[in-house]
Amino acid sequence: MSNEISIIAAFTAGILSFLSPCVLPIIPGYISLITGLTTKDLIESEDKKSVTRKTLLNSVFFILGFTGVFILLQIVLQGFVTIVNQKIFNYIFGAIIIIFGFHTAGIIKIKFLYYQKGMQINKKKWGLIGSFAIGLAFGFAWTPCIGPILAAILALAAQETTIFKGTVLLLIYSAGLGIPFLISAIFVEWFLKFITKFKKMMRAIEIISGLLLIFIGILIMTNRFASFSL
């Protein structure tokens, strides 16, 4: 059961990050940025195969970029855990995640978590390496925005006995964030309709995410997250 719960928790956290109010609305902009094509070009292009192939490849490199950032954060945090008392780490980090949970649910407001740094979107064709670099920038720039959920997964990964096991969880989290992005990039027209309909559910997603974070924070503080290890 522990393996399945860890995988489901990490993947679900990735999806919730994708659906967060400060990420979902800017997805079309990032798709245009990495492909060098406008939304209209992506939808109405006569050469669908070429556009789809270009969008797919650039999206994969973009996803690899922010995945690298998250794994780097995980390695740094796990290294930090090895030099501090595990119980102290659990209490401090668990308390932080619980506070993040209240913030995400809208019960309290933490100003710096509303910070997000965008990028100027232009007509430049970035290429695959450029898409990877933009993915790196996305990972760093939007960390405050998705920070509460990402912090919970990083805390879970930090409980693992090896960096490899922690990295697996971050890969699963990144898949939860990246797969919806990939689908959105390929089916842009459908995605734009989805955003319009989904806006009504944003508040519910925030509450669900907040409650999940509070639950995870309690597990960490009580040192019960070990039962969720891989």
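Laboratory data are not the source of any read-out in this text; all were calculated from the coordinates shown. Computed from a predicted model, the values in this text were never measured in an experiment. Note that each Cβ is placed from the backbone with ideal geometry, even for glycine, and that neighbours are counted across all protein chains shown.
Compared with the direct C-alpha span, the chain from residue 84 to residue 211 gains 42.9 nm at full extension, assuming 0.36 nm per residue. Subtracting the Cα-Cα distance of residue 196 and residue 182 from their residue separation scaled by 0.36 nm leaves 3.2 nm. Annotation: the residues 47, 41, sorted from fewest to most other C-beta atoms within 10 Å of their own C-beta, follow the order 47, 41. Potential lengthening of the chain between residue 109 and residue 72 amounts to 10.5 nm, from the contour at 0.36 nm per residue minus the alpha-carbon distance.
Where in the chain are the DSSP H helices whose alpha-carbon span along the long axis reaches 27 Å or more and whose Kyte-Doolittle mean is at least -1.0? Helices passing the filter in the chain: 48-81, 163-186, 202-221. Measuring nothing but alpha carbons in the chain and taking Rh as the Kirkwood radius, the Rg to Rh ratio lands at 0.99. Taking the chain as a Gaussian network of alpha-carbon nodes connected by springs under 10 Å, the highest mean-square fluctuation of the residues 83, 75, 134 belongs to 83. If R0 is taken as 22 Å, the Cβ-Cβ distance between residue 189 and residue 56 corresponds to a FRET efficiency of 0.85.
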